[in-house]
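Report on the following structure.
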Amino acid sequence: MRILPLLAIASVALACGPGPSASRAVVPGLDPLSGALSSVEVELPGCDFASVKGPAAQVLVGGALENGRVSGGGAPDCLLRRTASGAFIATSARCSSFLGAYASLEHARQFLLSAGAEALSPALVLADPSLRNEEAPAGVRYVPGADCFTLLAGPAGARVPAALNPGAAVRELARRQLRSLLETRPAEAEGVALFLGAAASGDPAYLASSESQGDPRGELDLARPLPSSANASSVVASALWAWSESSGDALAASRAVLAAARALGDREGPAQLLSLVAAQLDGAERDQACAVFRARVQGTIPACP
């Protein structure tokens, strides 16, 4: 059983805007029923619509990212109007895209908090930044060295813009949550983040919808058998997804995975991470997890005799 996609969760809090009771906004997003790109009315608690700043992030325009440091820039000054329902909507496409990206990050934040993640302070999101020594792909992407995100439009031809892909937003926010692990065990951290995006969206191929050419060979689908050349992070994510599917509770699986990631420390290898996941289970649940993990990961899994 899969949990509902993030954007299908009714009314994720969107409290941005002029006035203490202004809590709803219309932003670009995915329709919860059809999955098509549309205008959706959402709720974001504690966010200032005009400056696109709230608990999830703070958008910065005109800034630069150089040698892992952010310089210059300022908050956007978005003009808003009321819709017939009383929600706010940005009057420009540019500001609307900022709010859509913010909503994706807020939804991702809510999912991670429900999975036991640590509450983090809002991070800077550099919209269309000047990139001097770094390159950034489309969408909202985390930059560990600067502890910020970049926000770029696109990619062209994709079914879902990368910034509005709910699973991708969870993956990037999870990378920030796992920042210290990224420094010591990057493969495991990336694998956990990749899995959490799938668990949150309910789609093991969530990244494919934001690829220009899609994924005709299924290379981005965690549910498919991985080639022998697959990198360690994909192996970890695939094993975790298979176990999550068999357990039937993606949120509980996400809690166990985040707890294991926090306890991993300097222990080496995907097998150690999976062992820490299995160690949280008892009886038939542990046996089930061990069977799934052994089928996908080489090496001894200590918690699986």
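Read-outs: derived from the displayed coordinates by stated rules, not from any lab. These figures come from a predicted structure and were not determined experimentally. Ideal geometry is used to build each Cβ from the backbone, glycine not excepted, and the neighbour counts take in all protein chains shown.
Tabulated results
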{"item": "Environment charge at GLY139 (Cβ cut-off 12 Å; Lys +1, Arg +1, Asp -1, Glu -1)", "result": "0"}
{"item": "Candidates LEU251, LEU37, LEU152, ranked by Gaussian network fluctuation over the chain, Cα under 10 Å, top entry", "result": "LEU37"}
{"item": "Label-to-label distance, nm, for residues given as ARG82 and SER180 (7 Å Cα→Cβ offset)", "result": "4.8 nm"}
{"item": "Sites matching GluC sites (Glu not before Pro) across the range 74-180 that sit in DSSP coil, with at most 13 neighbouring C-beta atoms within 10 Å", "result": "GLU118, GLU135"}
{"item": "Ellipticity estimate at 222 nm from DSSP helix runs (n ≥ 4, -39,500 (n - 2.57)) divided over the chain, nearest 500", "result": "-11500 deg cm²/dmol"}
{"item": "Equivalent ellipsoid semi-axes - Cα gyration tensor, the chain, angstrom", "result": "34, 20, 18"}
{"item": "Using alpha-carbon coordinates, inclination of helix 186-201 to the longest axis of the chain, degrees", "result": "70 degrees"}
{"item": "Exposure proxy ranking, count of Cβ atoms within 10 Å, fewest first, for LEU126, LEU44", "result": "LEU126, LEU44"}
{"item": "The range 42-92 versus the range 96-171: alpha-carbon centroid distance in Å", "result": "13 Å"}
{"item": "Antiparallel %, DSSP beta bridges [both residues in the chain], to 5", "result": "60 percent"}
{"item": "At R0 = 25 Å, FRET efficiency that the Cβ-Cβ distance of ALA284 and ARG255 yields, to 0.05", "result": "0.85"}
{"item": "Relative contact order of the range 110-183, pairs being alpha-carbon contacts under 8 Å that are 6 or more residues apart, as %", "result": "28 percent"}
{"item": "Extreme residue, positive dipole direction of the chain, given options PRO28, PRO186, LEU276 (C-beta unit charges)", "result": "PRO28"}
{"item": "Between helix 93-114 and the chain: long-axis angle, C-alpha atoms, 0 to 90°, nearest 10", "result": "40 degrees"}
{"item": "Cα pair count fraction exceeding 26 Å, expressed as % - the range 180-305", "result": "15 percent"}
{"item": "Degrees separating the helix 232-247 axis from the principal Cα axis of the chain, which is the longest one", "result": "80 degrees"}
